[in-house]
Each structure stands twice: as structure tokens, then as C-alpha cells.
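A quick write-up on the structure given underneath.
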Amino acid sequence: MAATYILAPKPLMPLIMEGLKATGRLHCLWEMDNPDAFILEYGENIGAIATGGHIKIDATYMSKFPNLKIVANFGVGYDTVDAKWAGEHGIIVSNTPDVLTEEVADTALGLLIMTVRELPQSERYLRAGHWQEKGPYPLTLNTLRGKSVGILALGRIGKAIATRCEAFGLKISYHGRTEQKDVPYTYYQTLVGMAKDVDILISAAPGGASTFHSINAEVLKALGPMGILINIGRGSVVDEKSLIKALHDKVIFAAGLDVFEDEPQVPKELIELENAVLLPHVGSASHHTRNLMGQLVVDNILAFFAGKAPPTPVAETPFKGW
Ligand code: NAP
Ligand code: 8YV
């Protein structure tokens, strides 16, 4: 068989690029004069794809590489990769779980406090000179004291958020497709049922068809006029148009968002809302955590070349040998 190579469709962080270049097998698609012609001529030599961010790796794309064995995704969320199709065609998809869990949960709690206690607004107030001109920033109407939190998707990140919420003295419940018998939190079979009962809804849910627009106008109405929404999972989980309307009409009190439907585009209407705290998808964005994630991308691909089990295949593509 001809030599097997790695394809990177778009640039990834330096640690990944260097780790893959060291194999002497990396092809960078953006450096090609004619990427389509390259794929046509050498597609059958590609055994591994290194990807991340917003690049769609669907059935049509993977079909161009008949000897593809692994798609290594930079990120624990892999909604941009058709893992079901990959699994049906003997292709492993790997992601970057665990190493980012605590960082993302920290960001979620930061975003929660910023949103509830209006910290960005009060900081803007100081910087604008209003403290001296007008006196203290107004007392916040909302608080974490005595509040309850409902977590949508009690996975690795959801659980790390729950642990932190426990330390803050918040009452915790969750909604997912299945009840988890080994957790001390109240389970709700429906998201709208949970939204009715809690003060704060935090989503740590993955993207994809099964969660698309799960947080819609009905859920936001159920959350109510003092309700807070935090989204640290994926933007597609929230119906952004309904959220903008709910924030504008004070159907809910405020939202803190790290993720958006069409990143990096954030609707102007959302940016203009004072009761929205907006972060540019920074959940895992420290050198420490991103390096650990990047190393996992490299390690999964190196495992393929070494004929070893990949460290972190996703559930849809369990490793059964190369
Ligand atoms: P995980 O451990 O696989 O947890 C995912 C959870 O989602 C599971 O508990 C699952 O529970 C639940 N779930 C799946 N489909 C669902 C559905 N249709 N309805 C309700 N719940 C559903 O993943 P993780 O490591 O916690 O990561 C979660 C997500 O966070 C990632 O997929 C990614 O999108 C996002 N993320 C964001 C950032 C950021 O920077 N903002 C960083 C990392 C990750 P059930 O199977 O019981 O339903
Ligand atoms: C990354 C993420 O920022 O892991 C995920 O699912 O959303 C983040 O950690 C992203 O995947 C990198 O593009």
C-alpha cells in the first residue's frame, strides 16, 4: 500500500501542527495551490484528518478519503463531525474529553456570577466615570442567595458545574435523556418542567440534531421574569431569536452566553441588550487546558500510526482495531 498521510484542512494550534509535522506525514490543505485537485489526486493516501472548530466533516467530505481511519477533533464537542457515518464506515472519531472539564466549569460559574450580579455592567459604570459623577452602582435585583439551578445535560462538565454550585449553596436539579441513579440531584423528565421549578438554567449540552433549539420560547417563559439562562454548551441548543425576544421583553431576567448559533457572528440585537453577558467561546481557553487538548489530538493520530488503541475515541466509534 502507498504511504499514509495526515490531512489538516485548516490551521490548528502550534502544539498540534508541530506534533503532526514531526511525523513527516502532514499535508496542510490551506497551503495547496488547488486543494480540490490535491484531494482528487492524493485522497486515497489520507489515513488521518486533524480538525477542530467550525469545519464540517460530513459524509460527503469523508467519502473523498477511501482509506481514512481516524478523524481527530480538537474539542470535546464533535457536532461538526458525522460520527455516526464514520462509525458505520470503520473510521474512528476522537475528541478531547476530561482535560477541559474543570476549566469549562470554572468559566460557567464565572459567567453565572457575572450575569446575576451584573459585574460587567458595574465595571463599565466605573470605567465610564459614573461612580464619581452619579454615586454607587445600583443594587442588583438578582442574587444567588437562596436560588436553585437546573442543569441541562449532567455529563462531565455538567457534573463539575453541579459540584461548584453545591459549594455556593444552590439547590441543584438536572434534565437529560436518562435519569442517573448515582447523583444526589433531582431529575426532571422534561426540560420545561425543570425550567418552571428553577431560578437558573445552565446548559452544558452538546450540539447536534437531538438538542437543536431545546431551549425555546416555551422553556424561557417557564424560567420566568427573574430567571437566568447560562449557556456554556453549544449555541445551537438555544433558539437565539426567541432568546433575544425573551431578554428584550423581560420574559427572563438575564442571560450569560459563551456560545452562539453562528460563531463568530453574534447578532447585533444580542450585543445591544444590557441584560446579556457575552463571552467569545472562551470556556476552555487557557494555555494550560488548550495544550492538554492539543496533545490529545496528536496522541490519537500517533496511536493510529503506531497501530495502538486511540486514547479517546467517541462513543459512536468504539475502537476494534485498525
Ligand atoms: P459529556 O460528558 O458527553 O456530557 C454530555 C451530556 O449531554 C450527557 O450527560 C448526556 O446525558 C447529555 N445529552 C446528550 N444528548 C442530550 C439530549 N438530546 N438532551 C439532553 N441531554 C443530552 O460531554 P461534556 O464533556 O460534559 O461536554 C458537554 C458539551 O459541552 C460538549 O459537547 C460541548 O458542546 C460543550 N463544551 C463547550 C465548551 C466551551 O468552551 N464553551 C468547552 C467544552 C465543551 P444523557 O445521555 O443522559 O442525555
Ligand atoms: C473549544 C469546545 O474551544 O471542547 C469543546 O467542545 O467547545 C471548546 O473547548 C473548541 O472546540 C475549539 O475550537
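Please give the FRET efficiency for Ala285 paired with Lys196, using the beta carbon to beta carbon distance and R0 = 25 Å, rounded to the nearest 0.05. Efficiency for this residue pair is about 0.15.
Over the chain, what percent of the accessible surface lies on carbon and sulfur atoms, probe 1.4 Å? Carbon and sulfur atoms account for 55 percent of the accessible area of the chain. If you filter the range 213-322 for GluC sites (Glu not before Pro), then keep DSSP loop positions with at most 12 other Cβ within 10 Å, what is left? Of the GluC sites (Glu not before Pro), the ones in loops of the range 213-322 whose Cβ has at most 12 other Cβ atoms within 10 Å are Glu272, Glu274. In the elastic network of the chain, a GNM with C-alpha springs shorter than 10 Å, the most mobile of Arg164, Arg25, Arg124 is Arg124.
Close amide H contacts of Val277 (hydrogens built in the peptide plane, cut-off under 5 Å, sequence separation of 5 or more or a different chain): Ala255, Gly256, Leu257. For the range 172-181, putting each phi into the Karplus relation 6.51 cos²θ - 1.76 cosθ + 1.60 with θ = phi - 60° gives couplings of 10, 9, 8, 10, x, 6, 9, 6, 10, 5 Hz, in residue order, rounded to whole numbers and with x for Gly and Pro. Average accessible surface for the range 101-278: 50 Å² per residue, computed with a 1.4 Å probe over protein heavy atoms with every protein chain in place. When the helix-only estimate is applied to the chain (DSSP H runs of n ≥ 4, each -39,500 (n - 2.57), divided by the residue count), what is the mean residue ellipticity at 222 nm, nearest 500 deg cm²/dmol? About -10000 deg cm²/dmol. In this simple spin-label model, placing a label point 7 Å from the Cα along the Cα-to-Cβ direction at both Glu31 and Met226 gives a separation of 5.9 nm. The length gained on full extension between Ala315 and Leu278, counted as 0.36 nm times the residue separation minus their Cα-Cα distance, comes to 10.2 nm. The GNM of the chain, with springs linking C-alpha atoms under 10 angstrom apart, assigns the highest mean-square fluctuation among Asn45, Asn142, Asn34 to Asn34. For the chain, the residue among Gln180, Tyr125, Gly158 whose Cα projects farthest onto the positive side of the dipole built from Cβ charges is Gln180. Ordered by solvent-accessible area of protein heavy atoms (1.4 Å probe), largest first, the residues Arg145, Arg156 come out as Arg145, Arg156.
Based on Cα contacts under 8 Å between residues 6+ apart, the range 101-278 shows a relative contact order of 20 percent. In the elastic network of the chain, a GNM with C-alpha springs shorter than 10 Å, the most mobile of Thr186, Thr312, Thr101 is Thr186. Separation of the range 233-278 from the range 71-92 is 28 Å, based on Cα centroids. Loop-only check: which trypsin sites (Lys or Arg not before Pro) in the range 212-262 are DSSP coil with at most 14 other Cβ within 10 angstrom? Sites meeting the loop and neighbour criteria: Lys250. Between Glu218 and Ile271, the modelled labels are 3.4 nm apart [label points 7 Å from Cα along Cα→Cβ]. Phi angles of the range 134-145 translate, via the Karplus equation with coefficients 6.51, -1.76, 1.60 and θ = phi - 60°, into HN-Hα couplings of 10, x, x, 4, x, 4, 7, 6, 9, 7, 8, 5 Hz per residue; Gly and Pro are given as x. In this calculation the C-beta distance from Tyr137 to Gln189 is compared with R0 = 45 Å, giving a FRET efficiency of 0.65. Rounded to the nearest whole Hz, the Karplus-based 3J(HN,Hα) values (6.51 cos²θ - 1.76 cosθ + 1.60, θ = phi - 60°) of the range 198-212 follow the sequence 9, 8, 10, 10, 10, 9, 10, 8, x, x, x, 4, 6, 10, 4, with x at glycine and proline.
Taking a Cβ cut-off of under 13 Å around Pro311, the surrounding Lys, Arg, Asp and Glu residues balance to a net charge of -1, with basic ones at +1 and acidic ones at -1. Solvent exposure of Ile151, expressed as accessible area, is near 0 Å², computed with a probe of 1.4 Å over the protein chains only. Taking R0 as 22 Å, what FRET efficiency do you get between Lys308 and Thr23 from their Cβ-Cβ distance, rounded to the nearest 0.05? With a Förster radius of 22 Å, E is 0.95.
Here the contact order of the chain, divided by its residue count and restricted to Cα pairs under 8 Å and six or more residues apart, works out to 18 percent. Summing +1 for each Lys or Arg and -1 for each Asp or Glu among the other residues whose beta-carbon sits under 14 angstrom from that of Asp239 gives -1. Within the shell defined by Cβ-Cβ distances under 14 Å, the residues around Asn45 carry a net charge of +1, with Lys and Arg each +1 and Asp and Glu each -1.
The values are calculated or read from the model by the stated rules, or taken from the named source; none is laboratory data. This one's a predicted model, so the numbers in the text were calculated from it and none came from an experiment. No Cβ is skipped: glycine too gets one built from the backbone with ideal geometry, and neighbour counts run over all protein chains shown. The accessibility values were calculated without ligands, DNA or RNA, using every heavy atom of the protein model including side chains. Shrake-Rupley method; radii C 1.70, N 1.55, O 1.52, S 1.80 Å.
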